[in-house]
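Encoded as structure tokens, the structure appears first; notes follow it.
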Amino acid sequence: MSVKRPLKLRPDLDAVVPETAMVMAAGLGKRMRPLTATRPKPLVEVAGRALLDHALDRLRAAGVKRAVVNVHYLADALEAHLKRQAQDIEIIISDERNQLMETGGGLVKALPLLGDKPFVSVNSDNLWIDGPIDSIKLLARHWDDATMDALLLMVPLARANCHAGQGDFHLDAHGRITGRRRPGRLAPFVWTGVQILSPRLITDAPAGPFSTNVFWDRAIAAGRAFGVVHQGLWFDVGTPGAVSAAEAILADA
């Protein structure tokens, strides 16, 4: 285990955004039923635009050049949508039609397509609106490859719109993640679904489907998992009710 020396995050204004992103789009969307009865969850619309397109808009604006998108549920519909709508960004499909790999297993399956450099990873069922600075660029400016394996974009629990959970992570004064939420106890920060990961973390993985928690726990134990606080709006769009709630907040913003 590495020494958990204090590290104060300082934005590097010359930092370069990773050229490649992983877009998690393979989930079954059970909580979003009945909206997902005939379409995959990433194609559910919020404010007139599919969740997947919102995510691709943010990646494109940050300067990401290619996106690896995993597909499983109604995969043909997702691929057809990407062919019609994705512009100015290369789309590579990580096909999970035969078996849904969950988030950690999805990263393992997609790793040969992601390359050997740090990459952005986003969940297509979260919606974020940038604050004073582009949030992906914010992550890139704080990324330190020598000391980090994972850098997560966080939002304070009090600002986690449409989120019914009790928080996800604790951060110390230097931005290092000190642990995940324990059952029955609140955690002050919620993960937004956006992060930068190093490929070196995606090793020694369990067989079959599993959660990204396996990799996060490994990075936390080594003192190499950090968080940066999102300065804009964020929405957990997981249910039909959250869609209307998010749209109402956005209309008043």
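Quick look at the numbers
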quantity: Single residue of the stretch 42-57 satisfying the filter (under 12 Å from residue 122 (Cβ atoms) and of a type in the set (A, V, I, L, M, F, W, C)) that is nearest to the chain's Cα centre (by Cα); calculated: 55
quantity: Check on residue 187, surrounded by 15 or more Cβ atoms within 10 Å (Cβ to Cβ) and over 18 Å from the mean Cα position of the chain (by Cα); calculated: yes
quantity: Boolean, residue 206 is closer than 14 Å to residue 104 by Cβ and either surrounded by fewer than 13 Cβ atoms within 10 Å (Cβ to Cβ) or touching a helix residue (DSSP H, G or I) at 6+ places or on another chain (Cβ under 8 Å) (or both); calculated: yes
quantity: Among (1) within 24 Å of residue 230 (Cβ to Cβ); (2) surrounded by fewer than 23 Cβ atoms within 10 Å (Cβ to Cβ); (3) in contact with a strand residue (DSSP E or B) (Cβ under 9 Å, 6 or more places away or on another chain); (4) at pLDDT below 95 - the single one residue 49 does not satisfy; calculated: (3)
quantity: Residues (among the small types (Gly, Ala, Ser), closer than 21 Å to residue 218 by Cβ, outside any loop (DSSP other than H, G, I, E, B) and in contact with a helix residue (DSSP H, G or I) (Cβ under 9 Å, 6 or more places away or on another chain)) located in the stretch 91-118; calculated: 104
quantity: Residue match in the stretch 204-215 (condition: assigned to a helix (DSSP H, G or I) and of a type in the set (Ser, Thr, Tyr)); calculated: no
quantity: Subset of the stretch 68-90 (residues that are in a helix (DSSP H, G or I) and within 19 Å of the chain's Cα centre (by Cα)); calculated: 78, 82
quantity: Subset of the stretch 27-61 [touching an Asp or Glu at 6+ places or on another chain (Cβ under 8 Å), within 23 Å of residue 139 (Cβ to Cβ) and of a type in the set (A, V, I, L, M)]; calculated: 46, 51, 61
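The values are calculated or read from the model by the stated rules, or taken from the named source; none is laboratory data. Since this is a predicted model, take the numbers as computed values, not measurements. Methodologically, a virtual Cβ is constructed for each residue, glycine included, from the backbone with ideal geometry; neighbour enumeration extends over all protein chains shown.
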